[in-house]
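The values are calculated or read from the model by the stated rules, or taken from the named source; none is laboratory data. On a predicted model such as this, the values are computed, not experimentally measured, just so you know. Positions of Cβ are generated from backbone atoms using ideal geometry, with glycine treated the same way; all protein chains shown enter the neighbour counts.
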Amino acid sequence: MSRIDNIRGYLNKNNVDAILLNSSNNKFYIVSLYSPSGYVFITNKSQYIIIDFRYFEDMKEKAKDFEVILMNKEKTYFDIVNKICEIENINSIGFEGSEISFDSYNIMDENINVDLVSVDLSKLRYKKDEKELEYIKEQGGQKESFDVIVASGLRGALPHGKASDKVIEKGEFVTFDFRVRFNNYCSDIKRTISMGDGNDELNKIYNIVKKQMRKQ
């Protein structure tokens, strides 16, 4: 089953006629469009990319299964969505309630002529398909996905501790947290080492955690 089929199954299950996506993560998941610009609009009958001139030709080439529609000041995405709703007899649109601001929602509500329903697609992305697994298994990375974290001693207990002027001391544990990005998928690895022999209590806790991690 394709990702678009998964979306349509979600729509039917939640009694929504269509869905309008504007978050980079969900647009990338559906059509490899990782940009704050543009919209993906999926109905029970068709699928559309609504985009400005900067990405129009590129998406026409890449997204063969989508109708790519150019938006501009004279023909806004509201105009385009409303026209599609009229043609396809759409009465409700799902939108990413957790991804847009209250002000953005109000603007949508004022300009779109059908009911708006907040939806959450994050659970659809939990289960990775074969293409995603290939990306995840790929060795290497294109750039850091987050800043590298190095923290020692008490600062190692800070999940996202920032660098400080603290000196790493003998007998302390040092935690490293680093991640890379490949095709917009992010890895995450954390390692803890000891600078020499730690005390008995720290070693005990370290080995408990290590044992549990190996069970996963």
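Based on this model, can you work out whether residue 168 counts as part of a loop (DSSP other than H, G, I, E, B) and among the hydrophobic types (A, V, I, L, M, F, W, C)? Walk me through it before giving the result.
Numbers: part of a loop (DSSP other than H, G, I, E, B): yes; among the hydrophobic types (A, V, I, L, M, F, W, C): yes.
It is true that residue 168 is part of a loop (DSSP other than H, G, I, E, B) and among the hydrophobic types (A, V, I, L, M, F, W, C).
Quick check on the range 138-146. Is at least one of its residues surrounded by 13 or more Cβ atoms within 10 Å (Cβ to Cβ), outside any loop (DSSP other than H, G, I, E, B), touching a residue at least 12 places away in the same chain (Cβ under 8 Å) and not β-branched (Val, Ile, Thr)?
Scanning the range 138-146 turns up no residue that is surrounded by 13 or more Cβ atoms within 10 Å (Cβ to Cβ), outside any loop (DSSP other than H, G, I, E, B), touching a residue at least 12 places away in the same chain (Cβ under 8 Å) and not β-branched (Val, Ile, Thr).
What residue, among those in the range 116-159 that are under 17 Å from the mean Cα position of the chain (by Cα) and acidic (Asp, Glu), is nearest to residue 190 (Cα to Cα)?
144
For the range 85-115, enumerate the residues that are in a loop (DSSP other than H, G, I, E, B) and either more than 21 Å from residue 24 (Cα to Cα) or over 21 Å from the mean Cα position of the chain (by Cα) (or both).
Taking the range 85-115 as the starting set, the residues that turn out to be in a loop (DSSP other than H, G, I, E, B) are 89-91, 97-101, 112-114.
Those that are in a loop (DSSP other than H, G, I, E, B) and either more than 21 Å from residue 24 (Cα to Cα) or over 21 Å from the mean Cα position of the chain (by Cα) (or both): 89, 90, 91, 112, 113, 114.
For the range 15-43, which positions are under 24 Å from residue 89 (Cβ atoms) and surrounded by fewer than 13 Cβ atoms within 10 Å (Cβ to Cβ)? So that I can check it myself, show each step before the final result.
Looking only at the range 15-43, we keep the residues that are under 24 Å from residue 89 (Cβ atoms), and these are 15-22, 30, 39-43.
Across the range 15-43, the qualifying residue is only 15.
Which pairs do you get when a residue that is in contact (Cβ under 8 Å) with a residue 40 or more places away in the chain, found in the range 78-99, comes within reach of a residue that is among the acidic types (Asp, Glu), reach meaning Cβ atoms under 6 angstrom, with the pair 6+ apart or on two chains?
90/17; 91/17; 92/17; 92/115
Among the listed residues 83, 27, 64, which satisfies the condition of being at pLDDT below 95, over 17 Å from residue 118 (Cα atoms) and either touching a strand residue (DSSP E or B) at 6+ places or on another chain (Cβ under 8 Å) or not hydroxyl-bearing (Ser, Thr, Tyr) (or both)? Before the answer, list the steps.
Numbers: 83 fails: at pLDDT below 95; 27 fails: over 17 Å from residue 118 (Cα atoms).
Of 83, 27, 64, the one residue that is at pLDDT below 95, over 17 Å from residue 118 (Cα atoms) and either touching a strand residue (DSSP E or B) at 6+ places or on another chain (Cβ under 8 Å) or not hydroxyl-bearing (Ser, Thr, Tyr) (or both) is 64.
Residue check, residue 160 against (1) loosely packed, with under 10 Cβ neighbours inside 10 Å; (2) farther than 28 Å from residue 143 by Cβ, all met but one. Which one?
Residue 160 satisfies all of (1) loosely packed, with under 10 Cβ neighbours inside 10 Å; (2) farther than 28 Å from residue 143 by Cβ except (2).
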